[in-house]
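Here's the structure, in structure tokens; my notes come after.
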Amino acid sequence: MVLKTFARGVAFSAAALLATVCVEAQTTPAVLTIHADQPVSKVSPTLYGLMTEEINYSYDGGLYAEMVRNRTFRSDWTGILNWLQVEDGNARAQMTADEKTGPSDALKTSLRIDVKQADPRNQAGVLNEGYWGMAVRPGATYKGSFYAKAGSGDLGAVTVSLVNNASGKAVATAVVPQISTAWKQYEFTLKTGAIQASADNHLAITVGHAGTLWLDLVSLFPPTYHDRANGNRIDLMEKLAAMHPAFLRFPGGNYLEGDHIAERYDWKKTIGPLVDRPTHPSPWSYHSSDGLGLLEFLEWCEDLKMQPVLAVYAGYSMAQEHVNPGSDLKPYVQDALDEIAYATGGADTKWGAIRVRDGHPQPFKLTYVEIGNEDNFDRSGSYDGRYAQFYKAIKARYPDLQLIATTPVKGIRPDVVDDHYYVHATKFYEDAAHYDKTDRNGPKIFVGEWATKEGSPTPTFDAALGDAAWMTGLERNSDIIVMAAYAPLLVNVNPGGMQWAPDLIGYDALRSYGSPSYYAQVLFASHLGDQTLGSKLQGAGDRFFYSITRDSAKKRLYLKLVNASSAPQPVEIEFAGVRLAATGTLVSLSAHSTQATNTMEQPKEIVPVETALRGVSSHLHHTMPGYSIQLIQVDVQ
Ligand code: AHR
């Protein structure tokens, strides 16, 4: 057959291209026979999804669009974190953390600013540095608020400005005319004009009169995805949407467990008005604002049409602290039942009504609940008992829920077991057939965390090759692998922002980029199919991997190919038992070096390149370039 490819409107002969490439090829052609009329197994429609937690400034300083860092004024021996004094000209002020007053029972500490001297031209107050700056864009509206009280009525107006760090000039200003002597929330709006987009900005809050001002919960949001109040960053949500995720596993990860039981993810402290959320330490060395709390996780699912995979705290925290099964564990089991009720209950139920109060009348649909995280690390051996206690209580109330165990358990058969893998690419090449022989009568599998651990802060192309090889095995076995998620997902690439490498998507306050592994995920998840097909591969090198699926509704075949060798791999592809349409699509992700990658400065170094295929027939001569991941999409006539 004559296969022609068209890239960016330029036609060239695939046969001619093939001839050139074949000269360089190190190996003889492999033969891949696809039996398109022989479905083998079902592909799980929920195979690809997201796993996230508060790590690498994923939410605070990441997806959660809040621009103010440490908005509730925590301090250590160095002083109040992320806040500095402002003293223009001869203005003088002193800021301190005041543990005696705050706007709520949850927020009992506030910032006290004693202004000794100030006038309208020489203002005094504080500034917040943001999460490595604050991103401002031209013609944008920023919505802000703070809780405040004044020592006396003559403090006067409070000025709020976004200020460029380099020029010292305000790019947007608002005035709150008067502050009362009792705690109250104030709102303001900052609008930018024709400025240059930049992350090099801070927020200043100042007064032009001597007196005392207390502040708490100072907040500033840019426009958010779907325009949600207290919402998420648009660029990151768009990148996640492009991954076509079927589910979101949350809230962790280690973030669920905490280092200590008292530092676990205590969901009841993450709902309701922000002023009623006390915040909590995360195990990843920084504090969580809990602005992205349980309801926000669920709304994130709603926005991206993902199903929630809710992980409930199961009585184990990472410093080898555990709760004994039995009466000690009962309150934690009750918390989990309440959490499920908050997500799924009707307005006529106690916790459903609280969700309605919080602004979401519709219950969320829930299929999977995960009991704990990585309980194989619990050296006390208490997980068998803890899992059984949660399992029985949840099944008694919610018999249809699928309950995930974080490690194999004795005495009870879990619905699903969660497996985690963080390995080098070579290990994934060796292990791509890991699930081929797994017992089909055992529990279903959730590969709840996996990644080729190469590259920092984001993966190299070698990692993307390892990932893609591994994903061919996930797809082939997705009759038992119901879900799988790359982890971690997000990283703030600023110095000090990262606790774990590599991570799929990198960003700073203003910009974001996808790694080669991100594009491999997008490629696989956007071309999933619903059935695997019979196939046979002969004569390929040991770094060649593939997956063949069919989308029955679209009458479409997806052939994913991975060549993790530096040498091109010629393949004769035979489509048996089918008549193909004459046109198709080839999408190619490749690099010259295993160490090539994308960065903030060069975000598009490695991106998928789409080419139209013409003259497709049941026999395809194809050559995979060295180090490449490809998708061939063809329609069935
Ligand atoms: O993904 C990073 C961490 O790896 C997760 O928090 C934990 O579950 C795993 O050990």
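The values are calculated or read from the model by the stated rules, or taken from the named source; none is laboratory data. What you are looking at is a predicted structure, and each value in this text was computed from that prediction instead of being measured. Neighbour counts are summed over all protein chains in view; Cβ atoms, including those assigned to glycine, are modelled from backbone coordinates with ideal geometry. We work out accessible area using only protein heavy atoms, side chains counted, and drop any ligands, DNA or RNA first. Shrake-Rupley method; radii C 1.70, N 1.55, O 1.52, S 1.80 Å.
Structural remarks
- The residues of segment 343-382 that are within 16 Å of the ligand (Cβ to nearest atom) and either open to solvent by 40 Å² or more (accessible area, probe 1.4 Å) or not in a strand (DSSP E or B) (or both), listed by number, are Gly372, Asn373, Glu374, Asp375, Asn376, Phe377, Asp378, Arg379.
- Among (1) more than 16 Å from the ligand (Cβ to nearest atom); (2) at negative phi; (3) surrounded by fewer than 24 Cβ atoms within 10 Å (Cβ to Cβ); (4) not in a helix (DSSP H, G or I), the one test that Thr472 misses: (4)
- Residue match in segment 326-335 (condition: crowded, with 19+ Cβ neighbours inside 10 Å, within 16 Å of the ligand (Cβ to nearest atom) and in contact (Cβ under 8 Å) with a residue 40 or more places away in the chain): no
- Residues satisfying the stated conditions in segment 209-218, i.e. within 10 Å of Val158 (Cα to Cα) and open to solvent by less than 20 Å² (accessible area, probe 1.4 Å): Leu213
- Condition check for Asp479: in contact with a Ser or Thr (Cβ under 6 Å, 6 or more places away or on another chain), open to solvent by 10 Å² or more (accessible area, probe 1.4 Å) and away from the ligand (no atom under 16 Å from the Cβ): yes
- Filtered by the rule that a residue be outside any loop (DSSP other than H, G, I, E, B), open to solvent by 40 Å² or more (accessible area, probe 1.4 Å) and under 19 Å from Glu66 (Cα atoms), segment 170-201 gives Thr173, Gln185, Glu187, Thr189, Lys191.
- Verdict on Gly514 being closer than 30 Å to Asn201 by Cβ and not aromatic (Phe, Trp, Tyr): yes
- Residues that are in contact with a helix residue (DSSP H, G or I) (Cβ under 9 Å, 6 or more places away or on another chain) and assigned to a loop (DSSP other than H, G, I, E, B), drawn from segment 571-591: Ala591
- Residue that is most open to solvent (accessible area, probe 1.4 Å), among those in segment 121-169 that are among the hydrophobic types (A, V, I, L, M, F, W, C) and not in a strand (DSSP E or B): Ala166
- For segment 265-321, residues that are out of contact with any His (no Cβ under 6 Å at 6 or more places or on another chain), among the aromatic types (Phe, Trp, Tyr), closer than 24 Å to Val417 by Cα and not in a helix (DSSP H, G or I) total 2.
- Counting the residues of segment 267-291 that are surrounded by fewer than 22 Cβ atoms within 10 Å (Cβ to Cβ) and hydroxyl-bearing (Ser, Thr, Tyr) gives 3.
- Among the candidates Ala262, Ala229, the residue that is assigned to a loop (DSSP other than H, G, I, E, B), more than 16 Å from the ligand (Cβ to nearest atom), at pLDDT 95 or above and open to solvent by 20 Å² or more (accessible area, probe 1.4 Å) is uniquely Ala229.
- Breaking point among (1) among the aliphatic types (A, V, I, L, M); (2) open to solvent by 40 Å² or more (accessible area, probe 1.4 Å); (3) more than 16 Å from the ligand (Cβ to nearest atom), for Met498: (3)
- Contact annotation: no residue pair with Cβ atoms under 6 Å, 6 or more positions apart or on different chains, pairs a residue in segment 487-504 that is more than 15 Å from Lys239 (Cα to Cα) and of a type in the set (Ser, Thr, Tyr) with a partner that is open to solvent by 10 Å² or more (accessible area, probe 1.4 Å) and within 12 Å of the ligand (Cβ to nearest atom).
- Any hit, segment 83-90, residues being surrounded by fewer than 17 Cβ atoms within 10 Å (Cβ to Cβ), of a type in the set (Val, Ile, Thr) and out of contact with any helix residue (DSSP H, G or I) (no Cβ under 9 Å at 6 or more places or on another chain): no
- Checked against (1) under 18 Å from the mean Cα position of the chain (by Cα); (2) of a type in the set (Val, Ile, Thr); (3) buried (at least 17 other Cβ atoms within 10 Å of the Cβ); (4) more than 16 Å from the ligand (Cβ to nearest atom), Val309 meets all criteria but (4).
- Within segment 25-65, being farther than 25 Å from Leu533 by Cα, more than 16 Å from the ligand (Cβ to nearest atom) and hydrophobic (A, V, I, L, M, F, W, C) holds for Ala25, Ala65.
- Every residue from segment 437-458 that is open to solvent by 70 Å² or more (accessible area, probe 1.4 Å) and more than 16 Å from the ligand (Cβ to nearest atom): Lys437, Asp439, Arg440, Asn441, Lys444
Rundown of residues vs (1) under 20 Å from the mean Cα position of the chain (by Cα); (2) more than 20 Å from Ile340 (Cβ to Cβ); (3) within 16 Å of the ligand (Cβ to nearest atom), yes/no style:
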residue	(1), (2), (3)
Pro251	yes, no, yes
Asn254	yes, yes, yes
Thr270	yes, no, no
Phe297	yes, no, yes
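- Note on segment 75-120: residues that are of a type in the set (S, T, N, Q) and not in a loop (DSSP other than H, G, I, E, B) total 6.
- Set Thr426, Thr407: member being farther than 24 Å from Ser41 by Cβ, among the β-branched types (Val, Ile, Thr), open to solvent by 10 Å² or more (accessible area, probe 1.4 Å) and not in a loop (DSSP other than H, G, I, E, B): Thr426
- Of the residues in segment 384-398, at least one is assigned to a loop (DSSP other than H, G, I, E, B) and either under 22 Å from the mean Cα position of the chain (by Cα) or away from the ligand (no atom under 16 Å from the Cβ) (or both).
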